[in-house]
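The values are calculated or read from the model by the stated rules, or taken from the named source; none is laboratory data. Since the structure is predicted, the reported quantities are computational estimates derived from the model, not experimental observations. Cβ: placed from backbone, ideal geometry, glycine included. Neighbour counts: every protein chain shown. For the accessible areas, the whole protein counts, side chains as well, though only heavy atoms, and no ligand, DNA or RNA atoms are used. Shrake-Rupley method; radii C 1.70, N 1.55, O 1.52, S 1.80 Å.
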Amino acid sequence: MTTLTRRRFAAASAAGLVLAPGLLRAQAWPSKPIKIVVGYPAGGLTDIFARAYGDYLQQKLGQTVVIENRSGASGSLGARTVKAAEPDGYTLMFTISTALLQNRVLLKNPGYDGDNDFVRISHLSAGHLPTIVSSKTGIKTLADLVAYAKANDVSYGTFGAGSTAHIGIGALNKIYGLNMKAVHYRGEAPMWQDLAGGAIQAGCGSYASAKSVIDAGLGVPIAVPTTKRMSKLPNVPTFREQGAIDPAFEVVGFIALVGPKGIPDDIVNRLSDLMVEAGKSERVRKVNDTFGIDEAALSRQEFEKIYAQNGPVLIQLVRDLNLAQMDAQ
């Protein structure tokens with residue numbers, strides 16, 4: 001091997017031919033398949049995102065991207081698996097805010113530290129979660145729901161204890177002095193079936209899952225959390241527009257790409273850039289349109305800002321529900 005002299009090194013550097021160690025490492029990676037662990041079952045939005053974004057990463061990186069579903073214990077099973085992996089960029093995870101934030105309140109011992117055991121790579125919006133009421137109730141607005149709940153028993157469906165949907169019900173009960181009962185489902189499909197059949201009076205979940213009951217006239221969307229309306233439901237006002245001003249209606253859950261703490265920065269930055277690119281791809285845009293999601297993937301820098309600002313608020317909102325902690329299986 002020819003030795004690179006100082007003079008030749010200087011000339012090569014000036015010509016841009018000598019790369020920094022980090023850039024060399026990033027260019028050498030990946031040299032084998034990448035595994036993306038999904039902490040939730042196949043077919044859900046987290047899994048769909050993992051496959052859409054994973055396909056883009058596979059195309060751009062030239063290595064197979066394998067999706068492995070390891071669901072269980074509110075996402076903590078997958079999180080423990082990824083925490084224990086080598087931080088070399090070959091094991092990543094698609095997960096949600098519940099696993100990174102709420103689980104420290106919901107579970108006695110999640111088996112990982114959501115703040116410190118993972119490197120945050122990219123933030124993905126999970127979309128708006130409209131509140132939808134049974135058309136049988138005659139409710140059309142948030143004010144109608146409040147009046148109805150003061151005169152009747154109301155069962156309000158969610159997709160899990162401690163979820164952002166559950167947080168919203170708790171906030172409504174507190175603000176308006178109501179006693180609506182949260183009914184937690186494993187998956188949204190049975191929740192919307194119960195709403196369509198009149199077993200529950202209201203529910204909160206994704207636009208895509210609720211679309212069938214909306215289109216059939218069995219469910220009526222009455223309010224959307226966050227500060228702006230959904231593009232798919234432009235005529236449905238936000239909670240804030242209807243006078244319900246509370247952090248519970250401003251902080252929303254998210255989906256995220258993370259990896260075990262210690263992955264070199266150059267690899268993380270490359271993944272972050274590719275995720276932002278992927279968010280503009282046709283396949284991802286179609287997924288976002290289907291689920292009524294108006295924002296694509298954000299960079300690691302933007303993710304850090306959101307996590308730092310909203311994470312503590314979301315954790316406190318879950319604590320305010322005073323839920324008994326569960327064992328992580």
- What number, rounded to the nearest 500 deg cm²/dmol, is the helix-based mean residue ellipticity at 222 nm of the chain, given -39500 (n - 2.57) per DSSP H run of at least four residues and division by all its residues? -12000 deg cm²/dmol
- Message: Could you check the spin-label model distance between residue 216 and residue 61? Points 7 Å from the Cα along Cα→Cβ, value in nm.
- Response: 4.1
- Carbon and sulfur together cover what percent of the accessible area of the chain at a 1.4 Å probe radius? 51
- Would you list 164, 64 from the most to the least accessible area, probe 1.4 Å? 64, 164
- Item | Selection from 102, 50, 116 lying farthest towards where the dipole of the stretch 44-119 points positive, charges on Cβ | 102
- Burial-style ranking of 280-292, 87-99, average other-beta-carbon count within 10 Å with highest first, yields 87-99, 280-292
- Message: Quick test of the membrane-span-like rule: which DSSP H helices of the chain reach at least 20 Å along their long axis (C-alpha atoms) with mean Kyte hydropathy at least 0.5?
- Response: none
- Which far-off residues, 5 or more places away or on another chain, put their amide H under 5 Å from the one on residue 36, with H placed in the peptide plane? 66, 67, 68, 92
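Taking only protein heavy atoms into account and a 1.4 Å probe, give the accessible area per residue of the chain in Å². Mind showing how you got there, number by number?
Details: 15170 Å² over 329 residues.
In whole numbers, the chain has 46 Å² accessible per residue.
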- Between the stretch 90-125 and the stretch 233-300, what's the alpha-carbon centroid distance in Å? 15
